[in-house]
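The values are calculated or read from the model by the stated rules, or taken from the named source; none is laboratory data. Keep in mind the model is a prediction, meaning the values are calculated, not measured. When we count neighbours, we look across all protein chains shown, and the Cβ atoms used for this are built from the backbone with ideal geometry, even at glycine. What goes into the accessible areas is simple: the full protein's heavy atoms, side chains included, and nothing from ligands, DNA or RNA. Shrake-Rupley method; radii C 1.70, N 1.55, O 1.52, S 1.80 Å.
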Amino acid sequence: SVRAEADKKSGPDTYHLEGRVLYSEQYGNKTTDNDNVLFRYRHDLSPNVFAQAQTSYAKDRLAQINNDAEQNVGLGYKLIDEARNKANIGAGATAQYREATGIESGYTYLGEIFEDYTYKLTDRLTVTQNANFGYSPEGRDRLVTVNGTTVATDESATNYRFRFNTALQGKMTEHISLNLRFEYEFDNAILDPHEKVDQRVTSSLGYGF
């Protein structure tokens with residue numbers, strides 16, 4: 001796994017950029033092969049309320065998602081905003097464009113709720129956690145190929161997904177950290193039932209600039 005993150009706060013504006021590349025094999029078979037990038041912008045409307053815009057792009061070769069682009073807009077509320085302890089919740093709408101094998105490609109819209117939490121246990125230990133749930137009332141048609149022609153079946157995939165991530169970061173020096181991370185993702189619109197769930201535990205060394 002390769003991961004990079006950057007954060008910047010300027011007055012009422014907060015910027016967050018992250019990207020990751022994940023690949024794994026077990027007994028000679030690929031078990032993970034995906035990458036994504038995400039940019040999030042938050043603007044404080046008041047001491048406790050903020051507006052959010054988030055843009056993301058992803059590929060998952062095992063789940064046969066060739067392109068997945070999303071644009072989210074929403075509002076959030078700061079439940080806790082302290083130096084060592086921060087918690088936010090919010091809701092919004094997401095426009096999604098997806099090209100994938102075996103399901104209808106194109107645009108759809110999801111309602112989404114999200115939360116994120118950061119707690120500094122000590123000056124060297126930090127816990128972060130975030131989750132979101134998205135649901136679309138419009139399912140994606142499942143497709144089959146008959147005599148070289150792709151047609152829709154009578155089935156449709158209910159379009160909802162859930163993502164949960166948590167990490168423990170321990171600073172070993174001013175710049176080097178040891179990270180333990182758990183990630184869980186479920187996407188019901190994926191065609192292969194074995195690829196609907198993607199979860200992992202990773203430990204890594206990080207370098208902070």
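Could you grab me the full set of residues in the stretch 124-142 that are open to solvent by 60 Å² or more (accessible area, probe 1.4 Å) and either in a strand (DSSP E or B) or within 27 Å of residue 89 (Cβ to Cβ) (or both)? Within the stretch 124-142, 125, 130, 133, 135, 137, 138 qualify. Listed conditions (1) within 19 Å of the chain's Cα centre (by Cα); (2) more than 19 Å from residue 190 (Cβ to Cβ); (3) among the β-branched types (Val, Ile, Thr) are all met by residue 94, apart from (2). With respect to residue 199, determine if the residue is more than 18 Å from residue 102 (Cα to Cα), open to solvent by 70 Å² or more (accessible area, probe 1.4 Å) and either modelled with pLDDT of 80 or more or not aromatic (Phe, Trp, Tyr) (or both). Yes: the conditions hold for residue 199. Taking the condition under 30 Å from residue 195 (Cα atoms) and open to solvent by 80 Å² or more (accessible area, probe 1.4 Å), does residue 73 pass? Against the criterion (under 30 Å from residue 195 (Cα atoms) and open to solvent by 80 Å² or more (accessible area, probe 1.4 Å)), residue 73 qualifies. Of all the numbered requirements in (1) open to solvent by 40 Å² or more (accessible area, probe 1.4 Å); (2) within 21 Å of residue 108 (Cβ to Cβ), residue 48 misses one, and that requirement is (2). Scanning the stretch 97-113 for residues that are open to solvent by less than 50 Å² (accessible area, probe 1.4 Å) and either free of Cβ contacts under 8 Å to residues at least 40 places away in the same chain or out of contact with any strand residue (DSSP E or B) (no Cβ under 8 Å at 6 or more places or on another chain) (or both) yields a count of 2. For the stretch 151-161, the count of residues that are modelled with pLDDT of 85 or more and open to solvent by 60 Å² or more (accessible area, probe 1.4 Å) is nonzero.
Count of the stretch 11-35 residues, restricted to those that are under 17 Å from residue 60 (Cα atoms), of a type in the set (S, T, N, Q) and in contact (Cβ under 8 Å) with a residue 24 or more places away in the chain, is 4.
The residues in the stretch 165-174 that are farther than 17 Å from residue 2 by Cα and surrounded by fewer than 16 Cβ atoms within 10 Å (Cβ to Cβ) can be counted, and the count is 4.
Comparison of 83, 58, 53 shows that the only residue that is of a type in the set (A, V, I, L, M), surrounded by 14 or more Cβ atoms within 10 Å (Cβ to Cβ) and farther than 24 Å from residue 182 by Cα is 53.
Residues of the stretch 3-30 that are in a strand (DSSP E or B), open to solvent by 50 Å² or more (accessible area, probe 1.4 Å) and out of contact with any Phe, Trp or Tyr (no Cβ under 9 Å at 6 or more places or on another chain): 3, 4, 5, 10, 21, 23, 25, 26, 29.
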